[in-house]
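Reading through the structure tokens given below for one structure.
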Amino acid sequence: MLRLTPLLFLVLAACGGNEARFLVDSAAPATVGQIGVRLGTLEVRDVSLPAYAEESQILIEDDTGALQPIKNAVWADDPVRSMTLSLADTIDRQSNATAAAEPWPLESDPHAAVHVRVSEMVARADGNFHLTGQFAISSYDRIVRERIERFDITVPLADTSPGRIADATGAATNRLAVEIMQSLSR
């Protein structure tokens, strides 16, 4: 039987933390009805995030340009998983395509896949949340034209609280989903 000394118990208890966990708000994008895309099924590949955005801590840029963690505030889910699932869910709900995150859950292969590579995902000192990078559409059977497109999304922050950063992250992710759907509609 393992016995914990009082000092070890205090160290382990301190590791538990009392940080607040924040969900990324996945409110529906500002579109009316569904966006018609030119395919029936779409796989959303795991989103590639910068190392600082993959961490559980919620970060904000300070006046010097350094990214600082917000005290006692962490993401409720893994950021890569959360963003990937949010994109897939939004595309599935807001388009005529069936969309799912990888690994593809159906026996038949998807008509296309979207690969998102984020180069910047940060709450800036200027009072805005920035999401930039590129997405690529791949289609092995050439159901749709393959392409790579850049995105540059800015969402104003109401304030720099972790809840507002989570809201802005969700809004930016939804805008990205709309850009992907609009690309697939051409």
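Each DSSP beta bridge with both residues in the chain is either parallel or antiparallel, and the antiparallel ones are about 65%. Over the residues of the chain, the helix contribution to mean residue ellipticity at 222 nm works out to -9500 deg cm²/dmol, using -39500 (n - 2.57) for each DSSP H run of at least 4. A DSSP coil position with no more than 16 other Cβ atoms inside 10 Å describes the following chymotrypsin sites (Phe, Trp or Tyr not before Pro) in the range 68-171: 140.
Note on residue 145 and residue 57: with the Förster distance fixed at 30 Å, the Cβ-Cβ geometry gives a FRET efficiency of about 0.15. Note on the chain: dipole from Cβ charges, positive end direction compared against 67, 48, 121; the farthest Cα belongs to 48. Computed over the chain with a Gaussian network model linking Cα atoms closer than 10 Å, the most mobile of 46, 167, 141 is 141.
For the chain, the pair-distance distribution built from all alpha carbon pairs, in bins 10 Å wide starting at 0, is 9, 34, 29, 16, 8, 3, 1 percent.
Take the Cα of residue 98, go 7 Å toward its beta carbon, and the backbone nitrogen atoms of the range 111-126 under 13 Å from that spot belong to 111-112. Normalised by 2.2 N^0.38 Å, where N is the number of residues, the alpha-carbon radius of gyration of the range 20-122 equals 1.25.
Taken together, the values in this text are just the output of simple stated rules run on the coordinates, not laboratory data. Keep in mind the model is a prediction, meaning the values are calculated, not measured. Here the Cβ is made from the backbone with ideal geometry for all residues, glycine too, and neighbour counts use every protein chain on show.
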